[in-house]
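Here's the structure, in structure tokens; my notes come after.
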Ligand code: NDP
Ligand code: 2IT
């Protein structure tokens, strides 16, 4: 049996109840086959694949907090420190009722390769909780965040592990967590990114994931003889990533016509009104029905359905496995040219394969959404030098990073005879740097 197949079988046995983690490992290991086969004996002897698929450690803890009725609530907290070969663990905190260990492990595993692709010195980690922020008062959010950080603060630090935002964790939550870390540890340090501008945050971090997604998508289109300007874009999600992807797409002359949340979706043929979307989602924290109510050109539909809208470019920016084989078939039938993942693993393996086989340019999340974590690393640099850079400086670094990521994965795919397979290119390019550092650092 090949080394890849051996390790895949072991990972499946050891993590049988974690489908999302197995999906992420399967995608990465399968696309690394040409690299592994070229060094099979060495990698097997060094147990590189066993080591890279087993987290350094996974922390799980109780998060008790008191709700507004005086009732004690208990959630489960997680932090998976996956791999720190190239830098301190780095990755977001997801607050969503669906969170479990397998989901955090898939996100932490993806983060290893994503962070490597940024070319910045950050390792892979992820955390979060099954806490549901929806419908909670600010005081309840604070109570949860303080309790969560009371335990998490023992394991993180500016040079060990630097968490950030993800689904359900934005500036408000990061603020409460930073305050609690500072209070318990007595350290004013860059232990979290995505901080507010008044206490060490970076300009352009809020916009970074969505903007970065568009910088990479534009480069991918350009290198394939296409222009983003004039394209109709379909976006899912209505959170941080989706909002700033829509904004940057408009700035580039494209027309984003959809967005969605967990209850419904908007089709707005005149183009999404970003100011209104921000008002509804960032300020009021309301449902998309309010967007439709305020915008005559918009249609609101219950449930899911954005992938049924005819488009040139599709940008899934909500959550994992939100674009399945039926959606992929519909997109292809409607003439889609490119799919770029703003979310982490939003496209199922079957749908990815179908899109690629049908000539759709496909940019995987670990490359396409790396702008968020890259800008987090720029926030860490600014915190270390106790300076802050201008919006333009951060944004132009972000743009360069995204362009470089695209060329690195394009080159890696060409080097291994799979030109145009950007999934393989991203996995290979991300893996090469991490494995080099792992080998140099010995058995650890
Ligand atoms: P937000 O919490 O800001 O937004 C998430 C959006 O997705 C919301 O509109 C949410 O709707 C919608 N959604 C629909 N279905 C689900 C579901 N089942 N679970 C969770 N959300 C759902 O998160 P972000 O925009 O930050 O994150 C979106 C994706 O991008 C995630 O996959 C995340 O891991 C990834 N990502 C985020 C980065 C960042 O910097 N923030 C960086 C790189 C990747 P509703 O409000 O109704 O729940
Ligand atoms: O998935 C991701 O890359 C993020 N949620 C951002 C992580 C970070 O450390 O900024």
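Values quoted throughout were computed directly from the atomic coordinates according to the rules given, and no laboratory measurement underlies them. All of these numbers come straight from a predicted model, not from anything done at the bench. Reconstructed Cβ throughout: ideal geometry from the backbone, glycine too, with neighbour counts over all protein chains shown.
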Need the failing condition index for residue 174 against (1) free of Cβ contacts under 8 Å to residues at least 40 places away in the same chain; (2) crowded, with 22+ Cβ neighbours inside 10 Å; (3) farther than 23 Å from residue 281 by Cα, just the number.
(3)
What is the number of the single condition among (1) in contact (Cβ under 8 Å) with a residue 24 or more places away in the chain; (2) surrounded by fewer than 24 Cβ atoms within 10 Å (Cβ to Cβ); (3) more than 15 Å from ligand 1 (Cβ to nearest atom); (4) over 22 Å from residue 387 (Cα atoms) that residue 168 does not meet?
(3)
Among residues of the stretch 78-109, those that are out of contact with any strand residue (DSSP E or B) (no Cβ under 9 Å at 6 or more places or on another chain) and within 14 Å of ligand 1 (Cβ to nearest atom), counted
2
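Any idea which residue in the stretch 60-74 is surrounded by the most Cβ atoms within 10 Å (Cβ to Cβ), counting only those that are more than 29 Å from the chain's Cα centre (by Cα) and part of a strand (DSSP E or B)?
Ranking the candidates gives 66 first.
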Out of 286, 318, 374, which single residue is within 15 Å of ligand 1 (Cβ to nearest atom), farther than 18 Å from residue 420 by Cα, under 19 Å from the mean Cα position of the chain (by Cα) and assigned to a loop (DSSP other than H, G, I, E, B)?
318
May I ask you to list the residues in the stretch 185-195 that are more than 15 Å from ligand 2 (Cβ to nearest atom), at negative phi and not in a helix (DSSP H, G or I)?
187, 188, 189
Pick from 382, 356: which is away from ligand 2 (no atom under 16 Å from the Cβ), over 17 Å from the mean Cα position of the chain (by Cα) and touching a residue at least 60 places away in the same chain (Cβ under 8 Å)?
356
Taking the stretch 43-53 and keeping residues touching a helix residue (DSSP H, G or I) at 6+ places or on another chain (Cβ under 8 Å) and either outside any loop (DSSP other than H, G, I, E, B) or without any contact (Cβ under 8 Å) to a residue 12 or more places away in the chain (or both) leaves 43, 44, 48, 49, 50, 51, 52
When the stretch 349-371 is examined, which residues are found to be part of a helix (DSSP H, G or I), touching a helix residue (DSSP H, G or I) at 6+ places or on another chain (Cβ under 8 Å) and away from ligand 1 (no atom under 15 Å from the Cβ)?
349, 350, 351, 352, 354, 355, 356
Scanning the stretch 219-230 residue by residue, those within 19 Å of residue 423 (Cβ to Cβ) and either part of a helix (DSSP H, G or I) or touching a helix residue (DSSP H, G or I) at 6+ places or on another chain (Cβ under 7 Å) (or both) turn out to be 219, 220, 221, 223
